[in-house]
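Here is the structure we will look at.
We did not get these values from a lab; they are worked out from the coordinates using the rules stated. As the structure is a prediction and not an experimental result, all values here were calculated from the model. Ideal geometry is used to build each Cβ from the backbone, glycine not excepted, and the neighbour counts take in all protein chains shown.
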Amino acid sequence: MVKYVVDLVRSLLSPPHCAYCYISIDERQPLCTACLQCIQPIVTYNLALTRKDTLMVEAVSAYQEPLRSLILAKNYGNKVASRQLAHVMWYQTSLSYRACDIFVPIPLHWRRYAWRGFNQAEVIASDLAHAAGAQCLSLLQRQRATMFQAHLNIEERATNVKEVFMFKGDAKSITGKHLVLVDDLMTTGATLREAAKILLPLQPASLRAVVACRVI
Ligand SMILES: [Zn+2]
């Protein structure tokens with residue numbers, strides 16, 4: 001009864017609408033059917049780490065609408081958009097039928113975190129972990145602030161994030177676990193590569209990555 005009243009009040013205060021085109025929808029889901037159908041799936045990408053190791057990176061779509069707007073919403077402090085991305089990522093990737101023990105968000109430097117108030121990757125990872133019945137652990141820490149990758153070319157991006165992460169947590173708890181790195185956007189893959197280089201030596205059972213969009 002209480003839940004019914006809460007849902008009723010919530011729907012009166014904020015009727016469900018599509019996060020991209022804003023039309024009213026019946027269900028509390030992120031996007032309307034038309035916008036969902038606009039999402040063009042892309043293939044899983046094998047990001048080279050070393051000569052023999054690769055990281056499988058799964059994305060819902062290329063960096064285009066309607067998901068692009070949900071990613072950019074972080075710049076306006078819109079945390080709800082991050083949760084909407086998580087919803088789409090859960091239903092539009094293979095995550096729901098893969099073994100996942102720990103979701104690991106790509107961290108923000110504390111200064112950027114303080115400015116934005118939240119880390120979009122962390123919000124997404126937390127919701128994905130909840131959906132999977134898994135853990136969300138912030139196992140990586142930025143050792144230094146980096147420049148915005150968007151302003152740099154491919155070589156500069158790789159240098160900008162080189163050895164930027166350090167591991168924090170109990171290394172033994174990673175061994176034998178299925179790990180999923182989480183970020184909102186993959187551009188060149190330089191950031192995910194640096195993160196994977198930290199986690200792979202800890203011998204997880206598997207390591208993969210999931211992002212909402214991948215620049216192609
Ligand atoms: Zn829509």
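Hey, could you get me the Stokes-Einstein D for the stretch 31-96, Kirkwood radius over alpha-carbon pairs, 4 °C and 1.567 mPa s, rounded to whole µm² s⁻¹? Estimated diffusion coefficient is 98 µm²/s.
Label-to-label distance, TYR97 versus GLN29, with points set 7 angstrom from Cα along the beta-carbon direction: 1.8 nm.
Taking the centroid of alpha carbons for each part, the stretch 97-167 and the stretch 10-67 are 19 Å apart.
Over 14 Å apart: what share of the alpha carbon pairs of the stretch 87-133 falls there, rounded to a whole percent?
For the stretch 87-133, the fraction of Cα-Cα distances above 14 Å is 52 percent.
On a 0 to 90 degree scale, rounded to 10, what angle separates helix 120-132 from the longest Cα axis of the chain? So the inclination is approximately 80 degrees. Seen from ASN75, the other residues with C-beta closer than 13 Å to its C-beta sum to a net charge of +4, counting Lys and Arg as +1 and Asp and Glu as -1.
A convex hull fitted to the Cα coordinates of the chain yields 142 cubic angstrom per residue. Within the straight-line cut-off of under 12 Å between alpha carbons, none of the aspartates and glutamates are reachable from LYS52, sequence neighbours fewer than 8 places apart in one chain being disregarded.
Close amide H pairs (under 5 Å, H built 1.01 Å from N) link LYS168 with LEU140, GLN141, residues at least 5 positions away or on another chain. Annotation: aspartates and glutamates with alpha-carbon distance below 20 angstrom to LYS74 (same-chain offsets under eight excluded): GLU65, GLU122, ASP127, ASP183, ASP184. With respect to the chain, whose longest principal axis is taken over its alpha-carbon atoms, helix 190-199 is tilted by about 70°.
Between ARG51 and SER173, the simple label model (points 7 Å from Cα in the Cβ direction) yields a spacing of 3.6 nm. Here's how it looks for LEU181: its modeled amide H is under 5 Å from those of VAL104, ARG208, ALA209, VAL210, which are all 5 or more places away or on a different chain. Distances between placed amide hydrogens fall under 5 Å for CYS21 paired with CYS32, all partners being 5 or more residues away or on another chain.
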